[in-house]
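Single-structure report; data block below.
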């Protein structure tokens with residue numbers, strides 16, 4: 001019997017084309033399961049790597065060796081930064097704190113001495129990284145002094161007004 005194209009009998013204008021719906025559904029189901037397994041597996045692996053504690057007795061990462069002259073220069077620059085921070089600790093305003101900091105770290109951080117200390121690091125890539133690290137320390141210390149004097153300065157002046 002030929003397929004009729006009337007709306008009343010078939011409720012369609014065109015004959016139904018058979019589709020492999022079971023195969024399509026199975027392919028989508030398998031894909032969804034594989035994708036879900038991948039996402040869950042990745043999430044578990046990342047969580048374990050990030051949240052796990054190091055094994056007991058695990059060695060700390062080894063320090064990055066730099067030439068001894070470079071290490072000594074970087075050490076003296078870092079000590080000068082610490083000395084400057086200590087000198088600026090009792091400052092009551094920003095300009096006084098910055099002046100005290102720069103004066104206290106001055107011998108090592110003045111241009112000729114600084115260049116002499118950094119020169120030993122110039123030939124080694126790790127030495128360049130060490131110099132960059134101590135420069136970041138210097139900038140962070142200056143910023144901390146600014147914040148400290150901005151926040152503690154008014155309070156320190158109020159206390160000093162009762163003492164002096």
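Please treat every number below as a calculation from the coordinates, not as lab data. Just so we're clear, the structure is a prediction, and the values are computed from it rather than from any experiment. Methodologically, a virtual Cβ is constructed for each residue, glycine included, from the backbone with ideal geometry; neighbour enumeration extends over all protein chains shown.
Each label point was placed 7 Å from the Cα along the Cα-to-Cβ direction; for residue 106 and residue 22 their separation is 9.2 nm. Its residue count N fixes a reference of 2.2 N^0.38 Å for the chain, and the Cα radius of gyration divided by that reference is 2.30.
Taking the inverse of the mean 1/r over every pair of distinct Cα atoms in region 16-102 gives a Kirkwood hydrodynamic radius of 20.3 Å.
Between region 98-147 and region 74-88, the C-alpha centres lie 9 angstrom from each other. Stokes-Einstein diffusion coefficient for region 77-164 at 25 °C in a medium of 0.890 mPa s, Rh from the Kirkwood formula over Cα pairs: what value in µm²/s? The Stokes-Einstein estimate is 175 µm²/s. Identify the residues of region 68-96 with backbone N under 14 Å of a label point that sits 7 angstrom from the Cα of residue 146 along the Cα-to-Cβ direction, or state none. Counting backbone N atoms under 14 Å from the label point, the list is 94-96. Along its first, second and third principal axes, ordered by size, region 124-164 spans 55, 15, 6 Å in Cα coordinates.
Between residue 129 and residue 90, the distance separating the two model label sites (each 7 Å from Cα on the Cα→Cβ line) works out to 4.1 nm.
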